[in-house]
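Undergrad: One structure is given below, represented as structure tokens, and several questions about it will come after.
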Amino acid sequence: MNDIGIQPVAETAQAGAGLTQWQRVSNTFTAPSKTFEDIKRGNRSWWLPLIIGALFSYILFAAVAQKIGIQQTVDNQIRMDPKAQERMAQAPPDRREVINKFSVGITEAAFIGGPVLGLIGAAVISLGLWGTVNFVFGGKSKYGSIFAVSYYAWLPMSVKALLGTVVIYAGMAPESFNIKNFAPTNMGAFLDPVETNKALYTLATALDAVTIWTLVLMSIGVAIVAGTKRSAGYITVFGWWAIFVLIGVGWAAVMG
């Protein structure tokens, strides 16, 4: 059980003092190898990146609620999806009202419960990376180390949330806001989601600068804590990412 245990706050007794969490956070942006080497030594606390991510996601949520409006956000998503728009048009008025209230509630819940959803996502992603780098590439990582790497590697997503907040307050037209692509960090942000081919739009959105930055950090971290070549980390992380991107593009092509 120790090999897959997650240690959210306390450092292991064997790890020693190591870096502070603030040092690991700052080094993630300036010298990521130092952060991941410290995690490999057993200093696997990840609550600070969790708090930072939650803080910036709630800042974005506040901007959306204040400047865009949750109802407008839902309306935009329906308008950007012709099939959803058609379903709403064909539904009777009382049914449309129920669907609308449900969509608004789900959107609010996704923002409010973001940190919890992030924990679940990190647990699943870390399990896939841990299994791949250990059993395919002969790594010797612990699940808790991969989990901590995931949270520190996701820190650039806070930059994306901040950029999205700035764009909203800079005067974005509420009717043009896309909650699925809220920051101009990929080519999809500059394409019309209605007029553009769905598969192309999905691919353009997936090729996101901040996402690539995150994947590079995760690749470095996975390789370091697993004790493998750097290439093994890149193949593990980008391999899984490519699989999910291809699935998403294929689904968009079929449904589009």
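Undergrad: Scanning the range 1-24 for residues that are touching a helix residue (DSSP H, G or I) at 6+ places or on another chain (Cβ under 6 Å) and buried (at least 17 other Cβ atoms within 10 Å of the Cβ), which turns out modelled with the highest pLDDT?
TA: R24
Undergrad: Answer yes or no: is there a residue in the range 142-150 that is of a type in the set (D, E, K, R), surrounded by 20 or more Cβ atoms within 10 Å (Cβ to Cβ) and part of a helix (DSSP H, G or I). Spell out the reasoning first.
TA: Let us first name the residues in the range 142-150 that are of a type in the set (D, E, K, R), namely 142.
Cutting the leftovers down to surrounded by 20 or more Cβ atoms within 10 Å (Cβ to Cβ) gives us 142.
Then keep just the ones that are part of a helix (DSSP H, G or I); that gives none.
Taking every residue of the range 142-150 in turn, none turns out to be of a type in the set (D, E, K, R), surrounded by 20 or more Cβ atoms within 10 Å (Cβ to Cβ) and part of a helix (DSSP H, G or I).
Undergrad: In the range 165-175, is there at least one residue being within 24 Å of I78 (Cα to Cα), without any contact (Cβ under 8 Å) to a residue 60 or more places away in the chain, aliphatic (A, V, I, L, M) and outside any loop (DSSP other than H, G, I, E, B)?
TA: yes
Undergrad: Restricting attention to helices (runs of 4 or more DSSP H) lying wholly within the range 17-74, give those where 1 or more residues are of a type in the set (A, V, I, L, M, F, W, C) and under 26 Å from V104 (Cα atoms).
TA: On the way: elements: 21-30, 32-40, 47-63.
In the range 17-74, 47-63 are the helices (runs of 4 or more DSSP H) which contain 1 or more residues that are of a type in the set (A, V, I, L, M, F, W, C) and under 26 Å from V104 (Cα atoms).
Undergrad: Further, regarding this structure: What number of residues within the range 75-116 satisfy the criterion of being in a loop (DSSP other than H, G, I, E, B), at pLDDT below 90 and loosely packed, with under 13 Cβ neighbours inside 10 Å?
TA: So the count comes out to 1.
Undergrad: Quick one: L162 ticks every box in (1) surrounded by fewer than 19 Cβ atoms within 10 Å (Cβ to Cβ); (2) in a helix (DSSP H, G or I); (3) at pLDDT below 95; (4) not acidic (D, E) except a single one, so which number is it?
TA: All conditions pass for L162, except number (3).
Undergrad: Considering only residues that are in a helix (DSSP H, G or I), of a type in the set (G, A, S), out of contact with any Phe, Trp or Tyr (no Cβ under 6 Å at 6 or more places or on another chain) and within 23 Å of R41 (Cβ to Cβ), which ones fall in the range 205-230? Reasoning before the result, please.
TA: Narrowing the range 205-230 to residues in a helix (DSSP H, G or I): 205-206, 209-226, 230.
Imposing the further condition that a residue be of a type in the set (G, A, S) reduces the set to 206, 209, 219, 221, 223, 226.
Next cut, out of contact with any Phe, Trp or Tyr (no Cβ under 6 Å at 6 or more places or on another chain) only: 206, 209, 223, 226.
Once the filter is applied, which keeps residues that are in a helix (DSSP H, G or I), of a type in the set (G, A, S), out of contact with any Phe, Trp or Tyr (no Cβ under 6 Å at 6 or more places or on another chain) and within 23 Å of R41 (Cβ to Cβ), the range 205-230 yields A223, A226.
Undergrad: So for the range 132-139 (the condition being farther than 12 Å from T228 by Cβ and of a type in the set (G, A, S)), does at least one residue qualify?
TA: Scanning the range 132-139, I find no residue that is farther than 12 Å from T228 by Cβ and of a type in the set (G, A, S), so the answer is no.
Undergrad: A follow-up question, please. Looking only at residues in the range 117-141 that are in contact (Cβ under 8 Å) with a residue 12 or more places away in the chain and within 23 Å of Y58 (Cβ to Cβ), which one is surrounded by the fewest Cβ atoms within 10 Å (Cβ to Cβ)? Write out each step before concluding.
TA: Restricting attention to the range 117-141, the residues satisfying the condition of being in contact (Cβ under 8 Å) with a residue 12 or more places away in the chain are 118-119, 122-123, 125-130, 132-134, 136-141.
Then keep just the ones that are within 23 Å of Y58 (Cβ to Cβ); that gives 118-119, 122-123, 125.
Values: G118: 19, L119: 17, A122: 23, A123: 13, I125: 18.
Once the filter is applied, the top-ranked residue is A123.
Undergrad: Filter the range 156-180 for residues that are of a type in the set (D, E, K, R) and over 20 Å from the mean Cα position of the chain (by Cα) and give the result. It would help to see each step written out before you state the result.
TA: From the range 156-180, those of a type in the set (D, E, K, R) are 160, 175, 180; that's our starting set.
Correct list: E175 only.
The values are calculated or read from the model by the stated rules, or taken from the named source; none is laboratory data. This one's a predicted model, so the numbers in the text were calculated from it and none came from an experiment. Please note: Cβ atoms are built from the backbone with ideal geometry, for glycine as well, and neighbour counts cover all protein chains shown.
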